[in-house]
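Asks: This structure is in structure tokens; I'll ask about it shortly.
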Amino acid sequence: MNPSAPTPSSLAALFILAVSAICFSQEPDSVFLSANTDFESNDFEQAELKFQSLIEKGLISSELYFNLGTTHFRLGNEGEAMLWMRRAILAEPGMPEARQNIEFLRTRLGFLEFDDSSLSQLLKTLPPGTGRWTGTFCLWIGLLCAAGAVFSNRLRRNRSGIAALSAILITISAGGFALQHHLSHRVDATNFSTITSPNAAALTAPSPSAKIVIPLPLGSQVRVLQTSSQWCYVDIPGNLRGWVESSDIKSDWPIATQNP
């Protein structure tokens with residue numbers, strides 16, 4: 001027997017693996033179509049369960065998030081609906097249907113949200129680590145220029161110009177690191193959460209008996225600054241801060257799954 005020739009058992013194993021791979025790739029599509037059918041039949045609970053099963057498999061799809069958000073709205077879960085619409089936008093920023101639904105929910109719920117300015121939208125398009133890499137690169141080049149101006153005899157004639165260039169690069173480096181800090185703590189989607197529980201409120205302390213800073217309508221957006229046991233200290237639109245129960249909010253991103 002030729003040792004390189006596949007045996008019948010190995011061929012059978014390869015066939016089983018191939019069939020399993022095909023079934024696995026087709027299963028999400030069939031579940032998604034089945035969930036859509038349930039939705040069209042007004043069986044929203046079954047549709048939600050099937051859409052959620054796809055989420056738990058770690059699938060990332062703006063259409064899936066949008067459909068799940070719409071299903072939650074039909075079930076009366078308006079906070080969850082807003083959460084999934086925001087996630088749909090994160091997966092596909094230009095999705096018009098999700099933006100239309102967000103505008104509808106904004107009018108309906110009157111929730112609080114941070115100002116999404118043109119500058120903020122531009123910063124969100126920057127690749128991850130832009131500020132850090134810019135700061136590191138400019139810092140090293142600036143230090144090399146400074147070292148050359150001090151220790152290199154060939155560069156003595158242009159010492160003032162090189163020193164000025166070094167200062168400019170180091171200044172840009174500081175700006176790059178400051179930009180990275182701003183992106184990581186103020187702009188990145190992982191900092192934001194959505195109020196999904198009714199009657200939620202920001203309090204002055206992590207205690208149910210504490211005074212209310214401001215009520216938080218369903219769908220309101222907060223920026224988590226600190227977590228403590230069952231509470232989160234959050235930044236609230238309007239330059240306010242307060243403590244919110246962790247059970248009242250869900251992170252916009254990443255999405256918790258059973259099978260990450």
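The numbers here are math on the coordinates, done by the rules we state, and not lab data. As the structure is a prediction and not an experimental result, all values here were calculated from the model. As a convention, Cβ positions derive from the backbone with ideal geometry for all residues, glycine included, and neighbour counts pool all protein chains shown.
Asks: So how much slack lies between Phe114 and His185, counting 0.36 nm per residue of separation and subtracting their Cα-Cα distance, in nm?
Replies: Full extension of this stretch gives 24.2 nm more.
Asks: Tell me, in nm to one decimal, what length is gained between Asp43 and Ser197 on full extension, where the rule is 0.36 nm per residue of separation less the Cα-Cα distance?
Replies: 53.1 nm
Asks: Which order do the peptides 166-178, 74-86 come out in when sorted by mean C-beta neighbours inside 10 angstrom, highest first?
Replies: 74-86, 166-178
Asks: Given 10 °C and 1.306 mPa s, compute D for the stretch 179-257 with the Stokes-Einstein relation, Rh being the Kirkwood radius over Cα pairs; round to the nearest whole µm²/s.
Replies: Stokes-Einstein gives a translational diffusion coefficient of 125 µm²/s.
Asks: Can you run phi through the Karplus equation (6.51, -1.76, 1.60; θ = phi - 60°) for the stretch 37-42 and list ³J(HN,Hα) in whole Hz, with x for Gly and Pro?
Replies: 5, 4, 4, 5, 8, 6
Asks: Here is a follow-up. Quick one: 3J(HN,Hα) in Hz for the stretch 195-203, Karplus 6.51/-1.76/1.60 with θ = phi - 60°, rounded, Gly and Pro as x.
Replies: Karplus values, whole Hz, x for Gly and Pro: 6, 10, 10, x, 6, 6, 8, 8, 10.
Asks: Could you give the nm distance between label points at Ile60 and Ser209, where each point is 7 Å from its Cα heading toward the beta carbon?
Replies: Calculated label separation equals 4.6 nm.
Asks: Follow-up. How far is it, in nm, from the label point at Asn36 to the one at Glu97 when both lie 7 Å from their Cα along the line to the Cβ?
Replies: 0.8 nm
Asks: Please count, across the chain, the pairs of lysine residues with Cα atoms under 24 Å apart that sit 8 or more places apart or on different chains.
Replies: Taking the chain as the scope, the lysine pair count is 4.
Asks: Using the 10 angstrom Cβ neighbour count as an exposure proxy, how do Leu144, Leu109, Leu218 rank, fewest first?
Replies: Sorted ascending by nearby Cβ count, the order is Leu144, Leu109, Leu218.
Asks: For the chain, take N as its residue count and report Rg(C-alpha) divided by 2.2 N^0.38 Å.
Replies: Ratio of Rg to 2.2 N^0.38 Å for the chain: 1.44.
Asks: Same structure, new question: How far apart, in nanometres, would the label points at Leu126 and Thr171 be if each is projected 7 angstrom from Cα along the Cα-to-Cβ direction?
Replies: Taking the two extended label points, one gets 1.8 nm.
Asks: What is the set of long-range amide H partners of Ile214 at a cut-off below 5 Å, with H atoms built 1.01 Å from backbone N?
Replies: Ala202
Asks: Right, something else. Between Leu75 and Ser246, what length in nm is gained on full extension when 0.36 nm per residue of separation is reduced by their alpha carbon distance?
Replies: 59.3 nm
Asks: First measure r as the distance between the Cβ atoms of Leu225 and Val150, then evaluate 1/(1 + (r/R0)^6) with R0 = 35 Å and state the FRET efficiency to the nearest 0.05.
Replies: It comes out at approximately 0.20.
Asks: Would you mind giving the average projected area, over all directions, of the Cα convex hull of the stretch 157-218 in nm² with one decimal?
Replies: 6.8 nm²
Asks: What fraction, in whole percent, of alpha-carbon pairs in the stretch 100-234 exceed 22 Å separation?
Replies: That tail contains 59 percent of the Cα-Cα pairs.
Asks: Given contacts defined as C-alpha pairs under 8 Å and at least six residues apart, what's the relative contact order of the chain, whole-number percent?
Replies: 17 percent
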